[in-house]
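Participant: This structure is in structure tokens; I'll ask about it shortly.
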Amino acid sequence: MRLSNEAYGIDVGTFVMNYHHGLLRLGVVASKRVDDEGWSQCMVDWLEDDIHTARVDWDRKMGSTRSYAEETRVDWLKPVSVGWLHNVLNAYGDRENERRTDFI
């Protein structure tokens, strides 16, 4: 999900996505470190993350002992090009405009 001239690495400031258990999350990498086992771990500032927050709150309310990691392992993240996403959203808007009948 990138334009052909863009790098594919994940560094601080990279716009990323995570899709897990049917929940798509988008965010920006705030920090990155290598843990003791050699995995890169990222702190991500998730955007519009109300659904995930509500899920965590619900689990806690129901007495779940599951712990949620503050960091996300880098291989669970995919970089997303803002330019590519912009093109996708514009294409969707164009498609919706083509389907409108109020222009006739």
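Participant: Which of R55, R25, R66, R33 has the fewest other C-beta atoms within 10 Å, and how do the rest follow up to the most? Intermediate values should be presented prior to the final figure.
Facilitator: Numbers: R55 14, R25 18, R66 7, R33 10.
In increasing order of surrounding Cβ atoms, one gets R66, R33, R55, R25.
Participant: Over all directions, how big on average is the projection of the convex hull of the alpha-carbon atoms in the chain, in square nanometres? Don't jump to the answer; show the numbers that get you there.
Facilitator: Numbers: hull surface 39.5 nm².
If I average the Cα hull's projected area over directions, I get 9.9 nm².
Participant: 222 nm [θ] for the chain, helices only, -39500 (n - 2.57) per DSSP H run of 4+, per residue, to 500?
Facilitator: On the way: 2 runs with 30 residues, N = 104.
So the calculated ellipticity at 222 nm is -9500 deg cm²/dmol.
Only the coordinates and a few stated rules stand behind these numbers; no lab work does. What you see is a predicted model, and the numbers here were worked out from it, not measured in a lab. Quick reminder, even Gly has a Cβ in these numbers, built from the backbone with ideal geometry, and neighbours come from all protein chains shown.
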